[in-house]
Amino acid sequence: MATVAGTLAQPTHTGVWSWITTVDHKRIGVLYGVSGFSFFLWGGLLALLMRTQLAVPNGTVIESDRFSQLFTMHALTMIFLAIMPMGAGFFNYMIPLMIGARDVAFPRLNALSYWTFLGGASILSLSFFFEAPGGGWFNYAPLSERPYSDGSGIDFYVVGLLTLGLSSLMAALNFAVTIINLRAPGMTMMRMPVFVWMTFVISVLLILALPPLTVGLIQLLFDRQFGTHFFIATEGGDPLLWQHIFWVFGHPEVYILILPAMGIVSEVLPTFSRKPLFGYPAVVFSGIAIAVLSWVVWSHHMFTTGMGSVPRAVFAVNTMIIGVPTGIKVFNWLATLYGGSIRFTTAMYFAVAFIATFTIGGISGVMHASPPVDSQHQDTYFVVAHLHYVLFGGAIMGIFAGIYYWFPKMTGRFLSEALGRWHFWLLFIGMNMTFFPMHFLGIAGMPRRIYTYDDGLDWGFWNMFATIGSYVIAVSLLIFLVNFFRSVRQEPTAEANPWNAPTLEWGTSSPPPEHDFDAIYTVRARDPLWYDRDHGIAPPEVTGEHIHMPPPSYYPILIAIGITLLGVGALSHLAVSALGGVIAYYGVWGWALEPTD
Amino acid sequence: MYDAAPFAAAAPRRLTVGVADGTGTGGWDWRASVAARVGTVAGAWEGTGVRARVAAPRRTPGRPRIRALRRGLVPLALVVLAVALLGCDAPMSTSEIEGSWNKEVWKPYWVIIWLAGIVFVAIMAATIVLSLMYRERPGREARQIHGNTKFEVVWTIIPVVIVLVMMVPTLDSLFKLDEEPPADALKVEVIGHQWWFEFRYPELDIVTANELHIPEGRVVDYALRSVDVIHSFWVPQLAGKVDMVPGRDNRMAFSALNARPEPYLGQCVEFCGTSHANMRFRVFVHTAEDFERWAREQAAPRVSSVSRTAEEAFLAAPCLGCHTVRGTNAAGIAGPNLTHVGSRTTIGSGMLENTPAELRRWIANSSAVKPGSKMPPMAQSAGGTLTDEQIDVIIGYLQSLK
């Protein structure tokens, strides 16, 4: 059906239906990226509302329960609907290109994971029209149980996250299989770009981390709907069981959020320093070490829950040890700059700023790895500062580096460097204005998740300062949007490898044809395009043989609609679930019988 | 609301880790020299509310090199101090060391802050310097280096050493904080409710709410419980926090170092629902004699000087369903014990001053003041059953319960 000759460049089909039925990893990547960025703006708007309320003592902009919904939905939106899908956008678009493949291992599964993501995201976000969850993203029992949260908010949380988890699990399996099996000839594991490595690592993390979350969510669902009491102390359950289950998922989740950014930065720094990544094996293995250690640190989120001295000592030591591989990464990134000839594009600004801001988050993280210190830091604004330096200073900085770096590859067009500078500097200043004073507020004793605070506590000045900073961030994002929409209207001028980068995605046209590569590369070194350039090796010959690409399919979106309705039924009427089940069943049936050539 | 001046006036307490007054254990002496060497930088922390007191070494005249360092940092220090004036002496500052627990916290904290500061400066400097030094220039060729094993070993060892240096005082403090309290420790039960704190003194037969009274210098053994959701008990100047988890008996023990007339401020720090932000409490630290007197008064049933007609009005109102006044047949347990409510400085878990006007606001419609408050509105104008006159009488009665 979609057999294209090797020399045919651009896909010819366009229109909404072509996007709905697409199984092309690049289009799915764009869908993920655009959805993720839209949710990033939405989550940012929620944050602006909160900062407005907290600007002055005894603020009156937002009342208590609405504020709880805002901080709950801000976290859920940023984590599950913004940073994860933006990362997924890059995996989808870049991984097959970077390993020299023509698509992912399971293209229809890839489409199914996107549409399921959109279904779960809709359930979670549309809760604002009914009752948004207000128990925090960590949703501690027993506050999340029926007696204390009677409305439907927590049910939206449970069903939304179950649906999103399903989507992430499918994507993670797909990418693990793709990376293991579809690498171009000659691309050994230790020749893979670091971004591919990090994607592989987080795929494994997701496959292992989502099951505990699913178990916990289903236990909570049973507590709330069917009268079990896994987490209700008065009935023999244990509220701390939820915390253990949640953080066994939650801490690896943090690395799921940050490792893609580390991968992106490990691509951007060498390209613009014009030299290979310093200590590639060290960067790869420290990434793996971080992932392994992420399984033995979860209880540092629970130092104040009354755990005994010995478990706290063990988790403290484990947590501090994560500082070692993280430190190794930072040193290697810095050494990549050393001796380079650095071209400061906007992407490079973001990548270098990432080193600085992520390091601040890393340092404060090691600080509250010490349980005595954490007894003062826990649940104060110091932790808010820490996590935003990791997730904004780390993940978001890395993602912006990736956007500026890969925009020409994805669109054939360049983002304006001049507007990019404005965007970068305002974002950088704004984020530091917003989040650095939160360290001071935490030390001055300001608790997290409070919708109001009294005057006379000396928290007013830095809160106002942080609020101003958050508006500076908002302005910088408006500039980015202007830059984006201006750029996509320009004529495409980007050649295949405008940055003179070393990795395979730059070895095909910008944007790439539907089949990615006219001819498959043979990889001879870790930086294949630089190796070929330096050794006078021509790009592979186009043979003109037919390239088989998977046909578009509407079954993925059909199954995703079925899965979403299954969830919606749990929130409304079981008849809706039954309908969803029928649709999903029909979809799976059709999927299985669909011809694939 | 709280005047910072009296706090500062109590000054020359030097409660950190024996940097200046030599009270620290021998193991930590090296810190004094570190503090002297980089003393001015300590000023930088003052803007942050981190004010534990390494102040003295900073003021002693140093060697010329250090004086030069100081001159270089004067403008910076001035800026930081200007900022500090806006943020120092915060009534809930974790860096004000007023309790034995917090004193123990700051032992590893100082080591960690210095290490964090050094790493911060080093990485920021390296990032900036390398970025500026190796910008592209005509004629510059990037050196194609792939790595260097020696460097990898060195910068694996650096974080290992840093982490080891952090671990030793951390583990030392951790186990000290968990030590069993002495047998003569004052026992206090802290019980979390949505959204107020109940304090019980089982040995003294006292039940009170939202205002904890403890004697200076004596270890208090806290049993932390909750009747509903998870709360957390935190008085930043005295101690770190420990959660109050339903179904569990959490413990913590510490002493307050100094009696003073102003209360220490505490707050729930585990998100616990609608009025989490309003779940505040106060800790009064007395001298031993003052505490004895307070305990005697509180252990007694309600004062006998109350007006009998006012008491009858109170007992006829819905109040007794949730509140206890010992010596009467009001024995409800859902809300705070009111036996000596007139002696408290605040009502509504630290939200309002305990004055007739504020009591009127509270009784009339408490959830208008404190969202989610479990106490139903009492005034007829807000849907309750009491007339303004009845409320006046009840206010008079409550105020008399000293």
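The values are calculated or read from the model by the stated rules, or taken from the named source; none is laboratory data. Here the structure is a predicted model, which means the values were calculated and not measured. When we count neighbours, we look across all protein chains shown, and the Cβ atoms used for this are built from the backbone with ideal geometry, even at glycine.
Can you confirm whether the stretch A:307-322 contains a residue that is modelled with pLDDT under 95, in contact with a strand residue (DSSP E or B) (Cβ under 8 Å, 6 or more places away or on another chain), in a loop (DSSP other than H, G, I, E, B) and under 23 Å from B:Leu177 (Cβ atoms)? No, that holds for no residue. The sole residue among B:Ile206, B:Ile230, B:Ile214 that is modelled with pLDDT of 95 or more, out of contact with any Ser or Thr (no Cβ under 7 Å at 6 or more places or on another chain) and at the interface with another protein chain (Cβ under 10 Å from one of its Cβ atoms) is B:Ile230.
Consider A:Gly120 carefully, then state whether it is part of a helix (DSSP H, G or I), more than 26 Å from A:Asp527 (Cα to Cα), of a type in the set (Gly, Ala, Ser) and at pLDDT 95 or above. For A:Gly120, the condition - part of a helix (DSSP H, G or I), more than 26 Å from A:Asp527 (Cα to Cα), of a type in the set (Gly, Ala, Ser) and at pLDDT 95 or above - is met. Residue check: A:Leu124 meets all listed conditions (1) within 14 Å of chain B (Cβ to nearest Cβ); (2) in contact with a helix residue (DSSP H, G or I) (Cβ under 6 Å, 6 or more places away or on another chain) but one, namely (1). In the stretch A:217-236, the condition of being assigned by TED's automatic domain parsing to the domain that holds A:Met98, among the charged types (D, E, K, R), in contact (Cβ under 8 Å) with a residue 40 or more places away in the chain and touching an Asp or Glu at 6+ places or on another chain (Cβ under 8 Å) is met by at least one residue.
Is it true that B:Phe271 is touching a Gly at 6+ places or on another chain (Cβ under 8 Å), surrounded by 20 or more Cβ atoms within 10 Å (Cβ to Cβ), without any contact (Cβ under 8 Å) to a residue 24 or more places away in the chain and not assigned by TED's automatic domain parsing to the domain that holds B:Lys374?
Details: touching a Gly at 6+ places or on another chain (Cβ under 8 Å): yes; surrounded by 20 or more Cβ atoms within 10 Å (Cβ to Cβ): yes; without any contact (Cβ under 8 Å) to a residue 24 or more places away in the chain: yes; not assigned by TED's automatic domain parsing to the domain that holds B:Lys374: yes.
The answer is yes for B:Phe271.
Inclusion of A:Arg146 among residues that are in contact with a Lys or Arg (Cβ under 7 Å, 6 or more places away or on another chain), at pLDDT below 95 and assigned by TED's automatic domain parsing to the domain that holds A:Trp197 is warranted.
Yes or no: A:Arg102 surrounded by fewer than 24 Cβ atoms within 10 Å (Cβ to Cβ) and in contact with a Ser or Thr (Cβ under 9 Å, 6 or more places away or on another chain)?
no
Any idea which of B:Val79, B:Val83 is assigned to a helix (DSSP H, G or I), modelled with pLDDT under 95 and more than 11 Å from every other protein chain (Cβ to nearest Cβ)? Reasoning before the result, please.
Details: B:Val83 fails: more than 11 Å from every other protein chain (Cβ to nearest Cβ).
From the options B:Val79, B:Val83, the qualifying one is B:Val79.
Just one of (1) more than 14 Å from chain B (Cβ to nearest Cβ); (2) touching a residue at least 60 places away in the same chain (Cβ under 8 Å); (3) surrounded by 24 or more Cβ atoms within 10 Å (Cβ to Cβ) fails for A:Ser144. It is (1).
When the residues of the stretch B:243-264 are filtered to those that are surrounded by fewer than 24 Cβ atoms within 10 Å (Cβ to Cβ) and of a type in the set (A, V, I, L, M), which remaining residue is farthest from A:Phe71 (Cα to Cα)? Checking each candidate, the answer is B:Ala259.
Annotation: of all residues in the stretch A:248-275 being within 14 Å of chain B (Cβ to nearest Cβ) and under 22 Å from the mean Cα position of the chain (by Cα), the one that is surrounded by the fewest Cβ atoms within 10 Å (Cβ to Cβ) is A:Ser266. Of the helices (runs of 4 or more DSSP H) lying entirely inside the stretch A:340-402, those carrying at least 3 residues that are hydroxyl-bearing (Ser, Thr, Tyr) are A:346-367.
Within the set A:Val34, A:Val16, the sole residue that is more than 17 Å from the chain's Cα centre (by Cα), in the same structural domain as A:Gly263 (by TED's automatic domain parsing) and not charged (D, E, K, R) turns out to be A:Val16. Picking from residues in the stretch A:367-380 that are of a type in the set (A, V, I, L, M, F, W, C) and surrounded by 24 or more Cβ atoms within 10 Å (Cβ to Cβ), the one that is nearest to the other protein chains (Cβ to nearest Cβ) is A:Val373. Restricting attention to the stretch B:131-153 and to residues that are farther than 21 Å from A:Pro193 by Cβ and small (Gly, Ala, Ser), the residue that is surrounded by the most Cβ atoms within 10 Å (Cβ to Cβ) turns out to be B:Ser131. Within the stretch B:91-107, residues that are at the interface with another protein chain (Cβ under 7 Å from one of its Cβ atoms) sit with their Cβ atoms under 6 Å from residues that are of a type in the set (S, T, N, Q), at 6+ positions apart or across chains, in these pairs: B:Thr94/A:Gln376; B:Glu104/B:Ser173; B:Val105/A:Gln376. Taken as a whole, the structure places A:Phe67 among residues that are buried (at least 24 other Cβ atoms within 10 Å of the Cβ), at pLDDT 95 or above and of a type outside the set (Ser, Thr, Tyr).
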